[in-house]
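Report on the structure given below.
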Amino acid sequence: MTVTDLEVAYGGVPSGKEHIYEQEPVLSARNLVITFGRVVGLDGVDLDLYPGEVLAVIGDNGAGKSTLIKCLTGAYVPDSGTITMNGEPVHFKRPQDAREAGIETVYQQLAVIPALDIASNLYLAREERRKGPLGSVFRMLDKKGMEKRAGESVQNLGIQTIQNMGQAVETLSGGQRQAVAVARAAAFGSKVVVLDEPTAALGVKESGMVLDMVKQLRDKGLSVILISHNMPHVWEVADRIHIQRLGGRAGVVTPETHDMGEGVAIMTGAKKLADGS
Amino acid sequence: MSADVSSAAAEFARRQQSPVQRLQHQLHGKPWLSPLFLLLVAFIAFFISTPTFLTANSMGILLQQTAVVAALAVGQTLVILTAGIDLSCGAIMVLSMMVMASLSKDDGMPSLIGLLLGVLLATGAGLLNGFLVTRINLPPFIVTLGTLSIFTAIALLYSGGSSIQADRLPDLLNFLGKGFGIGQFRLTWGIVVVILIYAVMAYVLSQTAWGRYVYAVGDDAESARLSGVPSKRILLAVYTVAGLIYGIAAWILIGRAGAATPNAIPDANLASITAVVIGGTSLFGGRGRLIGTLIGALIVQTFAFGLSQLGVDQQWRVLATGILVIVAVAIDQWIRKVKS
Ligand SMILES: Nc1ncnc2c1ncn2[C@@H]1O[C@H](COP(=O)(O)OP(=O)(O)OP(=O)(O)O)[C@@H](O)[C@H]1O
Ligand SMILES: [Mg+2]
């Protein structure tokens, strides 16, 4: 990468937070390429996520936002390109690899199991067992304990309309399901939380709660990747904004250097970042 | 949201429901309720029409007749819960039975080793099904349709199509046909083993993480994968455990039939699927309980046994079973509509 490329790619860093960007990125991708048959999903995308920042990813439908985060979280294995965490190369083959590395994801299709109850969904693939031989020998799940802690996680998100953790997820409304998926990521993410359109199905109040949660995660030192079509939300919470266009990265801007109109213009190709920044 | 708003919402939800909708909701949560009801109706009907039906003696016979299909149906339930189907279960059982019998007949091999090798073979056959489903990505229907023919043919070739009678077999292989009486009520060890299999697998399905994964994979395989469930490993394990259970069913079958016969239960494959489906487990996966399967197996046998006691032609039993299956799947479809 040449120096001018870098200038094009980074529309600066948020003022007052320069120290964050002197650190090593917690998650970094270089030249990610993935194709689906003849469809090019990602055409050489770079991404840097620094500790304690909220990186928004915006782009038109089909720009490759979901594909990008799926490559970062082990749901897809890219055809080529490298991914590093804190400078170390990582090769996620499955979502649980990324999860074990501290990356929690709310996928666009939510990835909740309708027939299972809320608590089972929150603890899916990280179940807790009973203490003593019941757990160690007979592998018995600690259903009560998980239900109680699941209730706390959902409560933390402030979604009070969900009362009963033993309720099957299929009986929830679309927004409530989304809340469950977000609560799961927020409760278990230890380094990175990736949210693919987490507020798409949420009401005004609930959306606000998710945005608050994003800020809380950042304040705890976690990094968040937030995909959203809601520009006011993005400009409210993001430290930097990665603009995805036609399977590639059109650029990265900050809410200070560029306003929403400019961001959308870059996103749609009406404006090129090299001219405008 | 404040408390009175949410209670108003609950009130709203309550008022919306007609009794039929409430029933639908109940069945949605407890899909084995309708088969249990059917079983009770069948019992009462046969009790009224045939005085000998509800005697300790007949009940013992009914259980013995149910045992083999009930055992097979445990494996079948596991597979169907993952949205698969196993057409080869009866064939695996018969192959396993012929192998364990041949190996240990006429004081050939130590009976325990013969038995274990037979069960191991069935486990391997299940593993092969699982391998073809998960690694070659073939639909379970196609895989097990193929292995049904393959295992059936091997069993016939291996045994030369002839049976091995109980008197040529060691005690261990005949053991599950023996039993004990509680008054008039005779239980075989085979029935005891079946009850144990149900208890263990019901525990595994409802109380362990593995059991949850089985439901998760069956309900939505891609979401399960994205949530971190090792979907392929679970599927492979399900087919393998099913094979193991078919191997144990082979042992039960020798005791029940009093011989190892290649064509002991020709309709075992379909009977096991019938029991699972009537028991309220959804063919679309992710929904069902093992207790339902046990009830389903009992229903099929109760109809068969009751109607034969009434002296009804065997074809009417087959016809009744067919109707039961269709009604059961129709009820399942209706229950699933609750979602939308
Ligand atoms: N599994 C797949 N198989 C085939 N094509 C795919 C697959 N996943 C993504 N694509 C293609 O890759 C491109 C990018 O899709 P992606 O889902 O990443 O878009 P997106 O930016 O998330 O859009 P949206 O805003 O609608 O969610 C699209 O052309 C899509 O058709
Ligand atoms: Mg998307």
### Task
Answer with yes or no whether residue B:220 is within 8 Å of another protein chain (Cβ to nearest Cβ), more than 20 Å from the chain's Cα centre (by Cα) and in contact (Cβ under 8 Å) with a residue 24 or more places away in the chain.
yes
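Residue by residue, here is whether (1) of a type in the set (A, V, I, L, M); (2) within 16 Å of ligand 2 (Cβ to nearest atom); (3) touching a strand residue (DSSP E or B) at 6+ places or on another chain (Cβ under 7 Å); (4) within 23 Å of residue A:68 (Cα to Cα) holds:
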| residue | (1), (2), (3), (4) |
| --- | --- |
| A:141 | yes, no, yes, no |
| A:146 | yes, no, no, no |
| A:150 | yes, no, no, no |
| A:167 | no, no, yes, no |
| A:176 | no, no, no, no |
| A:208 | no, no, no, no |
### Message
For the structure I just gave you, tell me whether residue A:101 is within 23 Å of residue A:186 (Cβ to Cβ) and either more than 9 Å from chain B (Cβ to nearest Cβ) or at pLDDT below 95 (or both).
### Response
yes
### Task
Kindly check whether there is at least one residue in region A:38-49 that is away from chain B (no Cβ under 14 Å), near ligand 1 (Cβ under 9 Å from one of its atoms), surrounded by 20 or more Cβ atoms within 10 Å (Cβ to Cβ) and farther than 26 Å from residue A:15 by Cα.
yes
### Task
Spot the failing condition for residue A:223; the list is (1) within 16 Å of ligand 2 (Cβ to nearest atom); (2) under 27 Å from residue A:34 (Cα atoms); (3) crowded, with 16+ Cβ neighbours inside 10 Å; (4) of a type outside the set (Asp, Glu), and only one is missed.
(1)
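With the requirement that a residue be within 16 Å of ligand 2 (Cβ to nearest atom) and open to solvent by less than 30 Å² (accessible area, probe 1.4 Å), what does region A:69-94 give you? Give the derivation first.
Going residue by residue through region A:69-94, those that are within 16 Å of ligand 2 (Cβ to nearest atom) are A:69-73, A:75-76.
Within region A:69-94, A:69, A:70, A:71, A:72, A:73, A:75 meet the criteria.
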## Note on the structure
Among (1) within 16 Å of ligand 2 (Cβ to nearest atom); (2) surrounded by 17 or more Cβ atoms within 10 Å (Cβ to Cβ); (3) not basic (Lys, Arg), residue A:61 falls short only on (2)
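This table checks each residue for (1) in contact with a Ser or Thr (Cβ under 9 Å, 6 or more places away or on another chain); (2) assigned by TED's automatic domain parsing to the domain that holds residue A:208; (3) more than 16 Å from ligand 1 (Cβ to nearest atom).
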residue	(1), (2), (3)
A:89	yes, yes, yes
A:95	yes, yes, no
A:119	no, no, yes
A:124	yes, no, yes
A:134	no, no, yes
A:170	no, no, yes
### Query
open to solvent by less than 10 Å² (accessible area, probe 1.4 Å), assigned to a helix (DSSP H, G or I) and of a type in the set (Gly, Ala, Ser): does that describe residue B:114?
yes
### Task
Hey, can you tell me all the residues within region A:220-246 that are at negative phi and within 14 Å of ligand 1 (Cβ to nearest atom)?
A:225, A:226, A:227, A:228, A:229, A:230, A:231, A:234, A:242, A:243, A:244, A:245
### Condition broken by residue A:151, with the remaining ones in (1) closer than 30 Å to residue A:230 by Cα; (2) at pLDDT 90 or above; (3) not assigned by TED's automatic domain parsing to the domain that holds residue A:52 satisfied
(2)
### Query
Within the bounds of region A:104-119, is there any residue that is open to solvent by 10 Å² or more (accessible area, probe 1.4 Å), farther than 16 Å from residue A:73 by Cβ and more than 9 Å from chain B (Cβ to nearest Cβ)?
yes
### Restricting region A:26-53 to residues that are within 16 Å of ligand 2 (Cβ to nearest atom) and hydrophobic (A, V, I, L, M, F, W, C), the residue that is nearest to residue A:241 (Cα to Cα)
A:47
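When you look at residue B:261, is it away from chain A (no Cβ under 14 Å) and within 17 Å of the chain's Cα centre (by Cα), yes or no?
It is false that residue B:261 is away from chain A (no Cβ under 14 Å) and within 17 Å of the chain's Cα centre (by Cα).
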### Message
Looking only at residues that are under 12 Å from residue A:68 (Cα atoms) and in contact with a Pro (Cβ under 8 Å, 6 or more places away or on another chain) in region A:26-37, which one is nearest to ligand 1 (Cβ to nearest atom)?
### Response
A:34
### Summary
Wholly inside region A:180-273, helices (runs of 4 or more DSSP H) that include 1 or more residues that are hydroxyl-bearing (Ser, Thr, Tyr) and in contact (Cβ under 8 Å) with a residue 60 or more places away in the chain are A:260-268
### Query
Of the residues that make up region B:86-104, is at least one without any contact (Cβ under 8 Å) to a residue 60 or more places away in the chain and either open to solvent by 30 Å² or more (accessible area, probe 1.4 Å) or not in a helix (DSSP H, G or I) (or both)?
yes
### Task
Please note which helices (runs of 4 or more DSSP H) are completely contained in region B:198-276 and include at least 1 residues that are under 17 Å from residue B:69 (Cα atoms).
B:231-257
### Task
Give the residues of region B:189-208 that are buried (at least 19 other Cβ atoms within 10 Å of the Cβ) and either in contact with a strand residue (DSSP E or B) (Cβ under 8 Å, 6 or more places away or on another chain) or within 8 Å of chain A (Cβ to nearest Cβ) (or both), sorted by residue number.
B:190, B:191
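The values are calculated or read from the model by the stated rules, or taken from the named source; none is laboratory data. Note that the coordinates shown come from a computational prediction; the quantities given were computed from them, not determined experimentally. Cβ coordinates were reconstructed from backbone atoms using ideal geometry, including for glycine residues, and neighbour counts include every protein chain displayed. Side chains included, ligands, DNA and RNA excluded: accessible areas come from the protein's heavy atoms. Shrake-Rupley method; radii C 1.70, N 1.55, O 1.52, S 1.80 Å.
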